[in-house]
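Below you'll find the structure, written out as structure tokens, and then a few comments.
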Amino acid sequence: MDPSAASVSGDSAFMAIARTLTDAGVGSLPVTDAEGRVMGVVSESDLLAKAAVEATGHRPGVPGALARRRLNESARAYTAEDLMTAPAITVFPESTVAEAAWLAALSRLKRVPVTDREGHLVGVVRRNALLAALVRDDEGIREEIESRILTEEFPGTRPAIEIVVRHGTVDVWGRMERADARRLLDRIEGIADVTEVVDHLTAG
């Protein structure tokens, strides 16, 4: 995630939201309350109807009753709380890449707020960062485990351990002292692109 996430307060006015979006160079912003908890998300799309009415003084016709109602609501809105989409779809810092990617797809936003368990904003995660993590190939994961973890941290055990990676799932085979095995499995689980670790190790 990106920990330094721009946000706006619920009482932020339309022009202040637009300036923050422009200054931050993003298409959406989390909306937070006085305690920093995420209330919703306001995006460029939410601002467009309001901007059009401000510029022209009228509401052009649009097809579809639902679309027309949504645009009219946005056109009448004055604050971030009025404009935002709520409740916001958020993820936790400990969420897996796959979980965050699924929620990002549901939200249809390019940036998804990351909150702690009390709902306080701690950062945002970008869709392109999630996609990059998901498409990393299995061979790259295996090479990282073997070169960075096994070779550097468990040099004496390297010949006795076999690593197989399929679609982010890591199978670990071989013989290893249980204390070292637990530490190795924990280190592998800590790799962001690993979705599951299957322990086939035997004590020895």
Scan the stretch 101-160 for residues that are out of contact with any Gly (no Cβ under 9 Å at 6 or more places or on another chain), open to solvent by less than 30 Å² (accessible area, probe 1.4 Å) and closer than 30 Å to Arg175 by Cβ and jot them down.
-> Gly140, Ile145, Ile149, Leu150, Phe154
Search the stretch 16-32 for residues being among the hydroxyl-bearing types (Ser, Thr, Tyr) and out of contact with any Asp or Glu (no Cβ under 8 Å at 6 or more places or on another chain), and hand back the single one that is most open to solvent (accessible area, probe 1.4 Å).
-> Thr22
Could you tell me whether the stretch 48-71 includes any residue that is within 27 Å of Val135 (Cβ to Cβ), among the polar types (S, T, N, Q), outside any loop (DSSP other than H, G, I, E, B) and at pLDDT below 90?
-> no
Scanning the stretch 161-189 for residues that are over 21 Å from Val97 (Cα atoms) and not hydrophobic (A, V, I, L, M, F, W, C), the one most open to solvent (accessible area, probe 1.4 Å) turns out to be Arg175
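The values are calculated or read from the model by the stated rules, or taken from the named source; none is laboratory data. Remember, predicted model here, so these are calculated numbers, not experimental data. Positions of Cβ are generated from backbone atoms using ideal geometry, with glycine treated the same way; all protein chains shown enter the neighbour counts. Heavy atoms of the whole protein, side chains included, go into the accessibility calculation; ligands, DNA and RNA do not. Shrake-Rupley method; radii C 1.70, N 1.55, O 1.52, S 1.80 Å.
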